[in-house]
Amino acid sequence: MTETSRKVPYTTNNAGVPVESDEHSLTVGPDGAMLLQDHYVIEKMAQFNRERVPERVVHAKGAGAYGFFEVTEDVSQYTKASLFQPGQRTDMLARFSTVAGEQGSPDTWRDPRGFALKFYTELGNYDMVGNNTPIFFIRDATKFSDFIHSQKRHPATGLRNNEMQWDFWTLSPESAHMVTWLMGDRGIPKSYRYMNGYSSHTYMWLNAGGEKFWVKYHFKTDQGVDFLTQAEADELAGTDADVHRRDLHRAIESGDAPSWSLKVQIMPFDDAPDYRFNPFDLTKVWPHGDYPLIDVGRMTLNRNPEDYFVHIEQAAFEPSNLVPGIGPSPDKMLLGRLFSYPDTHRYRIGPNYAQLPPNRPHSAVNSYAKDGPMRYVPSNASMPYAPNSFGGPAADVAHYGKTAGWYSEGEMVHAAYTLHAEDDDWGQAGTQVREVLDDAARERLVSNVAGHLKQGVTRPILDRAFEYWRNIDQDIGDRIAKKVNGGL
Ligand code: NDP
Ligand code: HEM
């Protein structure tokens, strides 16, 4: 073939040097020994051995896409964050995931789904790292690793183990609301496109006048909420383990861009101390009747990543990426997460993960961070320290006005949250069972729980599980016990 008739580019090594062969290593004669000076073969094999980064310790299996967020209403009275100002359109990345399974695990296992968003705002990245549930299993960050250990594989057998799960849940009654959610229809969405996303946590919003509000986010799917039954999910786990990743990719590829409408609940700052539930307890919702949903805008996902590893596997979401106008709340889970994510990214991807394409802000980075493996964007600070006399960046408090904080004092203790008037572990779970689910959904809940308990859960943990459900709702607990015992 002549150079001019070639239709494809020539192969190079990683340094851009043309290689001599895609198919044959350099040998002494056609049958002879391989030669060490074939540096291209060595590069290929060495690079291959290093292709994997560790998978995420949780949320390892997922799918993601790029898109944009448009503000359709005016919420500037509550926040000055640039992405929420009237008429604003902000580029973004989303990644959805299951939690406990590994990279290759089926998309249809019963599990909460991650709902992680990264908004490339004018003042840096804002990450909203939520789930498809408005609540969570625990309310203190110190229990997170224990909780996850109980959901992952048994140390001796290497197998998933329902008994560990029920042991942890029944000894941690704060899990009741979330377990009710998980065992119900929404525990297996039809696909990522058919589920809502929630901040779950309460955050703080600050307006331009320095006024503070508490806020919860609800991203409601415009595709409609839909789910898979346990039987449908079990079958898909065997026939198409990647069904949800495929569904998202195909929809976007065919021009059927999925979207979600953002609504928020706003609580006046001073309502928090006397609200009937602790508004920062992650196991509780704010009933819509108390704080109705307010429309904000819409997010649309319309661009698949051109390289899954680069854009989705190396995406690094971090709840600590908060921008002026948005702050944390005294939720002890959220405060723990502020540390955890950047720490795991430094380990999993490397200390310069923020320079990679999905993580790189679309606004200026004027930081004094320096060096480290794989750093490739030169610093634009003229001197590597602050303060300096050479025109280096200087902090500008004008971006913030007021710090997104709250007044706090007290003796240092290891203690549960102070209880508010209606705080308990079972109440909101019971409301869900009795007032939100219909008869058919309650029957599926009973069947899902009984089916799960029958897979390896033994006494006394089994009896504790019946008691747990009777605390949520006597009738549902009795029906679960009957179904399990009848089947023993
Ligand atoms: P509402 O009647 O106003 O809201 C009930 C909400 O339940 C619906 O808006 C819907 O949330 C959600 N829902 C519907 N079907 C299911 C299901 N199968 N599994 C889980 N959730 C479902 O009542 P309240 O706000 O007073 O809340 C009552 C209970 O509803 C709570 O205890 C909680 O368990 C649940 N819930 C409450 C939410 C909240 O933020 N207030 C959010 C979601 C659930 P959505 O519209 O978000 O899809
Ligand atoms: C992923 C820690 C609670 C949502 C992760 C990861 C860690 C982690 C270490 C892996 C991140 C990575 O490798 O990229 C924790 C800790 C928690 C906690 C310590 C509690 C103290 C929660 C809660 C939510 C949540 C309450 C939802 C409200 C997510 C999501 C991901 C994730 C969506 C996947 C992000 C992605 O798509 O890359 N978490 N988590 N986590 N977590 Fe948490």
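The values are calculated or read from the model by the stated rules, or taken from the named source; none is laboratory data. All values derive from a computational prediction rather than experimental measurement. Heads up, the Cβs are rebuilt from the backbone with ideal geometry, glycines too, and the neighbour counts pull from every protein chain shown.
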- Go through (1) within 9 Å of ligand 2 (Cβ to nearest atom); (2) touching a helix residue (DSSP H, G or I) at 6+ places or on another chain (Cβ under 9 Å); (3) among the small types (Gly, Ala, Ser) one by one and return the number of the condition residue 315 breaks. (2)
- Filter the helices (runs of 4 or more DSSP H) completely within the stretch 97-215 down to those with at least 1 residues that are more than 16 Å from ligand 1 (Cβ to nearest atom) and under 26 Å from residue 433 (Cα atoms). 144-151, 162-171
- Message: Conditions first: (1) among the hydrophobic types (A, V, I, L, M, F, W, C); (2) touching a helix residue (DSSP H, G or I) at 6+ places or on another chain (Cβ under 9 Å); (3) at pLDDT 95 or above. Residue 412 passes all but one, so which condition is the exception?
- Response: (2)
- Query: Of all the residues that make up the stretch 455-488, how many are in a loop (DSSP other than H, G, I, E, B) and either of a type in the set (Lys, Arg) or within 16 Å of residue 176 (Cα to Cα) (or both)?
  - Reply: 2
- Message: I need the full set of residues from the stretch 289-304 which are of a type in the set (Gly, Ala, Ser) and either free of Cβ contacts under 8 Å to residues at least 24 places away in the same chain or part of a loop (DSSP other than H, G, I, E, B) (or both), in order please.
- Response: 289
- Can you spot a residue in the stretch 399-406 that is touching a His at 6+ places or on another chain (Cβ under 9 Å), of a type outside the set (A, V, I, L, M, F, W, C) and touching a residue at least 12 places away in the same chain (Cβ under 8 Å)? no
- Flagged in the stretch 337-374 as more than 22 Å from residue 83 (Cβ to Cβ), modelled with pLDDT of 95 or more, part of a loop (DSSP other than H, G, I, E, B) and of a type in the set (A, V, I, L, M, F, W, C), in numbering order, are 349
- Counted residues in the stretch 259-288 being more than 16 Å from ligand 1 (Cβ to nearest atom) and either assigned to a helix (DSSP H, G or I) or in contact with a helix residue (DSSP H, G or I) (Cβ under 8 Å, 6 or more places away or on another chain) (or both) come to 5
